[in-house]
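Working notes, structure below.
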Amino acid sequence: MSLVIKNAADQDLLDTKNTGAFTKDKIQLYYKEANGNTKQINFFIRPPFSYGSDQFKFSQVYSEEIVAVSNNKDNTLFLKLGDNVPYELKLQMNSTKSKVEKLTIDDKEAPAENGKVSTYLDGNIFNLVR
């Protein structure tokens, strides 16, 4: 699953050239177990990419682990950007396709990327607008 983080002006907040951007060391992706233990989820920042002439201009927080962690209903997922209050993430999976169908951030549905390039990635790109 990939998460684009942008501001209301549609600027990439994972691109350090933009004001208010976050570097990887200022981002935490983690979960809390039912017993209260906190564990980090591995992720990396995927740069913008293209397939042929189709371009996707945003960097993304990308994690292969987040789906497995979210399958345990006792875990609560969080994304913390800088010193801000963490966002709570909830994933709804399509069990037959192993695909994230819906992502809610603080109980609000995150818009899914539906451009042509997202079809190459099985549609697992969502947007967080700050």
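Checked against a 25 Å cut-off, the cross-linked pairs 6/102; 39/102; 39/73; 39/90; 17/102; 6/73 give Cα-Cα distances beyond that limit for 17/102; 6/73.
Where the accessible area of the stretch 36-130 is counted over protein heavy atoms with a 1.4 Å probe, how much of it, in %, is carbon and sulfur?
Working: 2500 of 5660 Å².
Roughly 44 percent of what the probe reaches on the stretch 36-130 is carbon or sulfur.
Shape class for the stretch 51-95, computed from the alpha carbon gyration tensor (a ≥ b ≥ c): oblate, with a/c not under 1.5 and a/b at or below b/c.
So what's the back-of-envelope 222 nm ellipticity for the chain, counting only DSSP H runs of four-plus at -39500 (n - 2.57) apiece and dividing by all residues, rounded to 500? Display every interim value, and only then the final one.
On the way: 1 runs with 6 residues, N = 130.
One gets -1000 deg cm²/dmol as the mean residue ellipticity at 222 nm.
Summarise the long-distance tail of P(r) for the stretch 74-114 by giving the % of C-alpha pairs beyond 11 Å. Taking all Cα-Cα pairs of the stretch 74-114, the fraction more than 11 Å apart is 69 percent.
Give me the 1.4 Å probe accessible area per residue for the stretch 1-77, excluding ligands and nucleic acids, in Å². Intermediate results must be reported in sequence, preceding the final value.
Values: 4430 Å² over 77 residues.
Dividing the accessible area of the stretch 1-77 by its residue count gives 57 Å².
Packing-based ranking of 5-15, 104-114 yields 5-15, 104-114, ordered from highest to lowest mean Cβ neighbour count within 10 Å.
Farthest toward the positive end of the dipole of the stretch 1-109, out of 9, 61, 86, is the Cα of 61, where the dipole comes from beta carbon charges about the Cα centre. Here the stretch 1-77 is treated with +1 on each Lys and Arg Cβ and -1 on each Asp and Glu Cβ, and its dipole about the Cα centre works out to around 140 debye. Computed about its Cα centre, the charge dipole of the chain is approximately 80 debye, with only Lys, Arg, Asp and Glu carrying charge at their Cβ.
What is the Cα convex hull volume of the chain when expressed per residue in Å³?
Values: hull volume 14.2 nm³, N = 130.
Hull volume normalised by residue count: 109 Å³.
By DSSP, the beta bridges lying fully in the chain are antiparallel in about 85 percent of cases.
By how many nm would the segment from residue 35 to residue 109 grow when fully extended, if each residue of separation counts as 0.36 nm and the alpha-carbon distance is taken off?
Working: separation 74, 0.36 × 74 = 26.64 nm, distance 2.71 nm.
Value of the extension gain: 23.9 nm.
Give me the percent relative contact order of the chain, please, defined on Cα pairs under 8 angstrom at least 6 residues apart.
Numbers: 252 pairs, mean separation 34.4, N = 130.
Here the relative contact order equals 26 percent.
The values are calculated or read from the model by the stated rules, or taken from the named source; none is laboratory data. All values derive from a computational prediction rather than experimental measurement. Note that each Cβ is placed from the backbone with ideal geometry, even for glycine, and that neighbours are counted across all protein chains shown. Note: accessible area is taken over every heavy atom of the protein model, side chains too, but ligands, DNA and RNA are not part of it. Shrake-Rupley method; radii C 1.70, N 1.55, O 1.52, S 1.80 Å.
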